[in-house]
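What follows is a set of notes on a single structure, which appears directly below.
The values are calculated or read from the model by the stated rules, or taken from the named source; none is laboratory data. In this text the structure is predicted, and so the values were computed from the model without any measurement. Using ideal geometry, Cβ is built from the backbone for each residue, glycine included, and neighbour counts are taken over all protein chains shown. Accessible surface is based on the protein model in full, side chains and every heavy atom, while ligands, DNA and RNA are left aside. Shrake-Rupley method; radii C 1.70, N 1.55, O 1.52, S 1.80 Å.
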Number of protein chains: 2
Amino acid sequence: VETGDDEAARELAGRLHPADIADLFEQVGRDQRSDLAAALSELLDGEVLAEMNDFVREDLVDQLDNVQVADLAGNLETDDAVAIIEDMEAGDQREVLSALDPDDRAAIEEALTYPEESAGRVMQRELVAVYENMTVGDVIDYLRDNQDDTLEFWEIFVVDTAHHPVGTCALSWILRTPREFLISDVMKREQTLIPVDMDQEEVALRFKKYGLISAAVTDSSGRLVGVITVDDIVDIISEEAGEDILRLSGAGEGDINQPVSEAYGGRVRWLIANLGTALVASFIISIFGAAIEEMVALAILMPIVASIGGNAGTQTMAVAVRALAMNELTRSNTWRTIRKELTVATLNGATIAILIGIGAGLVFSNWLLGAVIATAMLVNIVVAGLAGVFVPVTLERMDQDPAVASSVFVTMITDSIGFLAFLGLAVAAGLVG
Amino acid sequence: VETGDDEAARELAGRLHPADIADLFEQVGRDQRSDLAAALSELLDGEVLAEMNDFVREDLVDQLDNVQVADLAGNLETDDAVAIIEDMEAGDQREVLSALDPDDRAAIEEALTYPEESAGRVMQRELVAVYENMTVGDVIDYLRDNQDDTLEFWEIFVVDTAHHPVGTCALSWILRTPREFLISDVMKREQTLIPVDMDQEEVALRFKKYGLISAAVTDSSGRLVGVITVDDIVDIISEEAGEDILRLSGAGEGDINQPVSEAYGGRVRWLIANLGTALVASFIISIFGAAIEEMVALAILMPIVASIGGNAGTQTMAVAVRALAMNELTRSNTWRTIRKELTVATLNGATIAILIGIGAGLVFSNWLLGAVIATAMLVNIVVAGLAGVFVPVTLERMDQDPAVASSVFVTMITDSIGFLAFLGLAVAAGLVG
């Protein structure tokens, strides 16, 4: 499609959903994106930009001039416009803002005053709020008189005269209720209010827990300032869960659309951190240099103890990190979880210890060696199970993201204990030395 | 709360949302759950059960008799009732079904004929469908006349006389439109239809991509049979993303509420698989036994090459698995992604190679050893980068879940190549032997 015929390309793409057009941009290479943008011209609208992968969008926005960006952003709801503008450089951001019309500019500027990834950035200001003394009929008439509004909404928010939210009303209740009823008789008074500075991950957990479709956002004085809708939450949940996978694996903000320089910068730091932990393990091995020279079987077997320990630690750590992210692992069940993981680790450790002990004993015709590796294996898997819970829980209590740093610590512990237990036991058991 | 005073506990819990009561059950130990259930008695309703963690729910349902379960499930929407009943044993399932009233039973039985984790299991049959020749006024009157219905809904579906969906209509459009307009003039004709046998992960990706609130589910003849709402999708997305973390780490269905026996069974299999790959690495080391006896520094340094290679492979693999899960890594950009990962791997490899080469050269006062470990490191990190993309992509093409098996293969490759490159180069360079 991209080889020549712009007219045909435009016609084909014209029938697509903005999300599908955004996909097109993600699928072609970086160098082809501006050609595609030129070919599709006015089909590349704000909606398409809002649907795009962050890295691809940034790339494209860099190529557009600031007045064009302002034009595209101006037609969007606040949250989508903010998503486009927040990643721009300060100078460009100022130019785009000044090219917007004053209402949009004020809304976006205010959103930008809230911390990144907070409710204030994710909310849209476009919402329907009515007073509690209105009847269902009044509300319907009010909505019909505001025809120009293209907003899609699922709930209306009922406020008092000071603009404090007092209830919400799903549209299905309004449709079912005769006109003469008061809206305050139909609305639900209990609602989940989101403070404007709440972290988006916390917001997403509330939506998930209570099955919300939309929720009112309030400022520090409790006034209704915006609404967060579930479609944004779907994106956040999928993003945050993905981030945890990537962080646990040390790939940082990893994304196949991430530029090479950023991917290099993010990942090499992690590899250097791991080089540090590997050096600790090497240092431990070096202490037992003489033992290894005497019995080369130790060098052959030692990576097994460290590596299986590492795997066992990673298993437990993944379960713990996931449970922490879902607010399922709390102060009240930490000890119970640790006891349970200890039981699982002991069972796992005993199973693997028996297998490797018999195997090593047979292969090297040395049952003392088999007993040593079996014991070391059991010790390391149990330690791994404990570390897999303790490390992420401790990081969480220190207000660190457990997904980011846990595996460096857990690997260091399982590597070190693995080599130390195996080589140390070999010496202690009189196998060597 | 759980120590004695049932009355007080019931009163406290009475003010909570069902999701919060479900949390209570998750937070207490297994042995306390039936006491809590007895204390809360009728507060433990179907909604609470639906909100509960799968493992905790199964545990509790086992303790209830089948008539009670039928009673609880009967008050729920189809999808929630199915979630409770699908995990029961066949005999109990039959008893619960026969205790349900015929309509509910038929709906649930039909849902159970669809494959697990398909749209048919997730959808609810409760929905509002109207004919296209109705006016907005007719629709509102129809809704008001069906007062008994407690269903909350966000969109209505417009069908033709054969019950094929022809359009959808957000409630906000209906509220804004005067009564005399035809529903077919207000509705949107383009809609995302979900085939009843589509996998839930695929359904979730569509919801995310198109920002859907609800979507019509159609059977093989294209008739409207149910609706999937976004609140279920939020749960699915969060669950599927979590599954990928756990599978990549070899923790299977891991969950802090999983019983010990299941956790042991799931994890020990993974550890045994990894024992197999570790043995391959050990076999490679054993080939170079003589070299290690001659120069113990090789045994000290070799785990570094394998371990950093493993980390680099895991980084790339996490990015690839994530991109595959999000449908972002497709046939059209696989080669581009591989080329990019190769560039990043070369940069990472060169950086780490220089650091470890200089370090080893200095510590052991042996620059040939430094050059050997630097080269081995570069080779292993580049191989790791390639394996990190190739392995998951190949598994995906073979219709295997890349999250489940990728890390065993990637680790085997990086361990083997790490030891082979380092020890092999040491011999080839004349460092030993």
Seminar exercise, completed: Per the filter on segment B:147-159, residues open to solvent by 40 Å² or more (accessible area, probe 1.4 Å) and either within 8 Å of chain A (Cβ to nearest Cβ) or not β-branched (Val, Ile, Thr) (or both) are B:Gln147, B:Asp148, B:Asp149, B:Glu152
Seminar exercise, completed: Scanning segment B:206-237 for residues that are part of a helix (DSSP H, G or I) and either open to solvent by 30 Å² or more (accessible area, probe 1.4 Å) or closer than 26 Å to B:Leu271 by Cα (or both), the one farthest from the other protein chains (Cβ to nearest Cβ) turns out to be B:Arg206
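In segment B:322-347, what residues are within 7 Å of chain A (Cβ to nearest Cβ) and assigned to a helix (DSSP H, G or I)?
Within segment B:322-347, B:Arg322, B:Ala323, B:Ser332, B:Asn333, B:Arg336, B:Thr337, B:Lys340, B:Thr343, B:Val344, B:Leu347 qualify.
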For this session: Among the numbered conditions (1) more than 9 Å from chain B (Cβ to nearest Cβ); (2) in contact (Cβ under 8 Å) with a residue 12 or more places away in the chain; (3) open to solvent by less than 50 Å² (accessible area, probe 1.4 Å); (4) not hydrophobic (A, V, I, L, M, F, W, C), tell me where A:Glu253 comes up short.
Result: (3)
Problem set entry | Sole residue being closer than 30 Å to A:Gly242 by Cβ, open to solvent by 40 Å² or more (accessible area, probe 1.4 Å), within 39 Å of the chain's Cα centre (by Cα) and in the same structural domain as B:Gly310 (by TED's automatic domain parsing), chosen from B:Thr330, B:Thr337, B:Thr351 | B:Thr330
For this session: Answer yes or no: is there a residue in segment B:409-419 that is closer than 25 Å to A:Tyr264 by Cβ and of a type in the set (Asp, Glu).
Result: yes
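So, of the residues in segment A:422-433 that are open to solvent by less than 20 Å² (accessible area, probe 1.4 Å) and at pLDDT 90 or above, which turns out to be farthest from the chain's Cα centre (by Cα)?
A:Ala426
Where residues in segment A:395-410 are of a type in the set (A, V, I, L, M, F, W, C) and open to solvent by 50 Å² or more (accessible area, probe 1.4 Å), which of them is nearest to A:Ile308 (Cα to Cα)? Before the answer, list the steps.
Of all residues in segment A:395-410, those of a type in the set (A, V, I, L, M, F, W, C) come to A:395, A:398, A:403-405, A:408-410.
Still in the list and also open to solvent by 50 Å² or more (accessible area, probe 1.4 Å): A:398, A:404, A:409.
On the way: A:Met398: 29, A:Val404: 22, A:Phe409: 16 Å.
Applying the filter and picking the extreme gives A:Phe409.
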Seminar exercise, completed: Log entry, pairs with first residue in segment A:85-101 being over 17 Å from A:Glu58 (Cβ atoms), second being open to solvent by less than 40 Å² (accessible area, probe 1.4 Å) and among the polar types (S, T, N, Q), beta carbons closer than 7 Å, six or more apart or on different chains, reads A:Ala99/A:Asn66
Exercise. List pairs: first in segment A:383-397 and in the same structural domain as A:Ile417 (by TED's automatic domain parsing) and on the phi < 0 side of the Ramachandran plot, second outside any helix (DSSP H, G or I) and open to solvent by 40 Å² or more (accessible area, probe 1.4 Å), Cβ under 9 Å, 6+ apart or cross-chain?
Worked result: A:Thr394/A:Gln400; A:Leu395/A:Asp401
For this session: Might you let me know whether segment A:357-373 holds any residue that is polar (S, T, N, Q) and in contact with a Ser or Thr (Cβ under 6 Å, 6 or more places away or on another chain)?
Result: no
For this session: Take segment A:163-179 and flag every residue that is open to solvent by 50 Å² or more (accessible area, probe 1.4 Å) and either more than 14 Å from chain B (Cβ to nearest Cβ) or touching a Ser or Thr at 6+ places or on another chain (Cβ under 6 Å) (or both).
Result: A:His163, A:His164
Problem set entry | Any hit, segment B:113-129, residues being within 22 Å of B:Asp199 (Cα to Cα) and of a type in the set (Phe, Trp, Tyr) | yes
For this session: Could you tell me whether segment B:257-276 includes any residue that is at the interface with chain A (Cβ under 7 Å from one of its Cβ atoms), crowded, with 21+ Cβ neighbours inside 10 Å and over 25 Å from A:Ile304 (Cβ atoms)?
Result: no
Exercise. Any chance segment B:54-63 includes a residue that's over 30 Å from B:Tyr114 (Cα atoms) and either within 14 Å of another protein chain (Cβ to nearest Cβ) or at pLDDT 80 or above (or both)?
Worked result: no
Exercise. Does A:Ile413 qualify as being assigned to a helix (DSSP H, G or I) and crowded, with 21+ Cβ neighbours inside 10 Å?
Worked result: yes
For this session: Being surrounded by 24 or more Cβ atoms within 10 Å (Cβ to Cβ), of a type in the set (A, V, I, L, M, F, W, C) and free of Cβ contacts under 8 Å to residues at least 40 places away in the same chain is the filter here, so list the residues in segment A:277-309 that pass it.
Result: A:Ala299, A:Ile300
Exercise. Given the residues B:Gly370, B:Gly361, B:Gly385, B:Gly418, which is the only one that is facing another protein chain (nearest Cβ under 10 Å), open to solvent by less than 10 Å² (accessible area, probe 1.4 Å) and over 19 Å from A:Glu262 (Cα atoms)?
Worked result: B:Gly418
For this session: State which residue is farthest from the other protein chains (Cβ to nearest Cβ) when the search covers only segment A:183-205 and only residues that are surrounded by 15 or more Cβ atoms within 10 Å (Cβ to Cβ) and within 27 Å of B:Gly137 (Cα to Cα).
Result: A:Ser184
Problem set entry | Within segment B:65-83, considering residues that are in contact (Cβ under 8 Å) with a residue 24 or more places away in the chain and over 13 Å from B:Asp104 (Cβ atoms), the one surrounded by the fewest Cβ atoms within 10 Å (Cβ to Cβ) | B:Val67
